[in-house]
1. DSSP beta bridges in the chain, what fraction antiparallel, as a percent rounded to 5?
2. Per residue, how much accessible area does the chain have with a 1.4 Å probe, in Å²?
3. Once every DSSP H run of n ≥ 4 in the chain is given -39500 (n - 2.57) and the sum is divided by its residues, what mean residue ellipticity at 222 nm do you get, rounded to the nearest 500 deg cm²/dmol?
4. If amide hydrogens are placed 1.01 Å from N in the peptide plane, which non-local residues have theirs closer than 5 Å to the one on Val21?
5. Compute the Cα gyration tensor for the chain, then decide on rounded, prolate or oblate, letting a ≥ b ≥ c be the square roots of its eigenvalues: rounded whenever a/c is under 1.5, prolate when a/b is larger than b/c in the other cases, and oblate in all that remain.
6. Name the cysteines of the chain that stand alone by the Cβ rule: no other cysteine Cβ under 4.7 angstrom.
7. Can you tell me how much longer the chain between Ala53 and Glu112 gets when fully stretched, taken as 0.36 nm per residue apart minus their C-alpha distance, in nm with one decimal?
8. So for the chain, averaging the separation of alpha carbon pairs under 8 Å that are six or more residues apart and normalising by length, what relative contact order in percent results?
Amino acid sequence: MLLPRVLAAVRASTVDDVVVVAGAHPLETDGRVVPCPEWHLGPGASLRCGLAALPDDVDAALVVLADGPDLDPRAVDRVIDSWRAAGGRAVAASYGGVRLHPVLLSRETWAEVPDAGARALEARLVPCDDLSPPGDVDERR
């Protein structure tokens, strides 16, 4: 299972709290799991379920995919640090100029997430060229 590897990377970063969104399949994890009955509408629906579960005092959310087993905690921290230093509605890691995860979304963007997912939102890129990309087991290599 990929989720434990991804969660370990997130927990090794400076992220304050972790919320996992469950869609088509039930999940067992030692963290907080939020069910998303609208998962079939697309990844954006799952993301909106997770965002809706966050407390009102949360200013931004960092998004990673459960099928990105090579996520590097340093990429997570770079994106967070960049947002803290320069702000922005959306901030994403890039590898060789290609936008990938993690992605940080400020609260002002949450209502704009379409069913297709956050990729539709313009993001400021944070170079992570010296790190391995997180991978995506859904993509053919």
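1. Around 55 percent of the beta bridges assigned by DSSP in the chain are antiparallel ones.
2. That works out to 56 Å² per residue.
3. Counting only the DSSP helices, I get -7000 deg cm²/dmol.
4. Val34
5. Rounded.
6. Lone cysteines by the Cβ rule: Cys128.
7. Stretched fully, the Ala53-Glu112 segment lengthens by 19.6 nm.
8. So the answer I get is 26 percent.
The values are calculated or read from the model by the stated rules, or taken from the named source; none is laboratory data. Because the structure is a prediction, the values reported are computed rather than measured. Backbone-built Cβ (ideal geometry, glycine too); neighbour counts: all protein chains shown. We work out accessible area using only protein heavy atoms, side chains counted, and drop any ligands, DNA or RNA first. Shrake-Rupley method; radii C 1.70, N 1.55, O 1.52, S 1.80 Å.
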